[in-house]
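Asks: There's a structure below that I have some questions on.
The values are calculated or read from the model by the stated rules, or taken from the named source; none is laboratory data. The shown structure was predicted, so the numbers you read here are calculated from the model rather than taken from an experiment. Here the Cβ is made from the backbone with ideal geometry for all residues, glycine too, and neighbour counts use every protein chain on show. Side chains included, ligands, DNA and RNA excluded: accessible areas come from the protein's heavy atoms. Shrake-Rupley method; radii C 1.70, N 1.55, O 1.52, S 1.80 Å.
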Amino acid sequence: MFSPTALAASFDRIHDYWSPKVIGQVNDQLLKAAKLKGEFVWHAHNGQDELFYIVKGSLRIEFEDGAVDLKEGDFLTVPSGVRHNPVADEECWVLLIEPASTLHTGDEVTSRTRSLAEQMS
């Protein structure tokens, strides 16, 4: 039997900022819930697009040629290979949709980088 998932309730299991948790999968795309606050890290995902959907709060995604401000209910797809840096002045809840092969911080490795195994737990 199928049962629905309450998106907002998925955020209850997230206790650390910038540490996404896999909450679902559609074919080879993972759905990840994350709480964001502060500045992340400049990075790119070569070979994978990444979709940000703002569930709660707001997010600014900085690009090398400017920035895009997203508010609750907005989504933006960052194309493969485009360097970006998410920044949340206040706590923001985001749903990420990206291929399972996407590395959390691309080729950049920092203390905030999370492995897929960490995101699955």
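Asks: Give the calculated FRET efficiency between S58 and A6 to the nearest 0.05, with a Förster radius of 35 Å applied to their Cβ-Cβ distance.
Replies: 0.95
Asks: Could you check the simple spin-label distance between V109 and V82, using points 7 Å along Cα→Cβ, in nm with one decimal?
Replies: It is 2.8 nm.
Asks: Which value, in debye to the nearest 20, describes the size of the charge dipole of the chain about its Cα centre when Lys and Arg Cβ atoms bear +1, Asp and Glu Cβ atoms bear -1, and nothing else is charged?
Replies: I would put it at about 420 debye.
Asks: Under 8 Å for C-alpha pairs, at least 6 residues apart: give me the relative contact order for region 26-121, rounded to a whole percent.
Replies: Relative contact order here is 40 percent.
Asks: Restricting to DSSP loop positions (anything but H, G, I, E, B) with no more than 11 other Cβ atoms inside 10 Å of their own Cβ, which chymotrypsin sites (Phe, Trp or Tyr not before Pro) remain in region 1-107?
Replies: Hits after loop and neighbour filter: F2.
Asks: Compare the Cα positions of S101, S3, G73 along the charge dipole of the chain (+1 at Cβ of Lys, Arg; -1 at Cβ of Asp, Glu; about the Cα centre) and return the one farthest towards the positive end.
Replies: It is S3.
Asks: For the chain, what is the accessible area per residue in Å² when the probe is 1.4 Å?
Replies: It amounts to 56 Å² per residue over the chain.
Asks: Only loop residues by DSSP count here, and only those with at most 14 other Cβ atoms within 10 Å; note down the GluC sites (Glu not before Pro) in region 42-121 that meet that.
Replies: E64, E72
Asks: Continuing with this model, one more query. Under 5 Å between amide H atoms, partner at least 5 residues away or on a different chain: which partners does I23 have, H built in plane at 1.01 Å?
Replies: L31, K32, A33
Asks: Shifting gears a bit: With a 1.4 Å probe and all protein chains left in place, how much of the accessible area of region 1-104 comes from carbon and sulfur atoms, in whole percent?
Replies: 53
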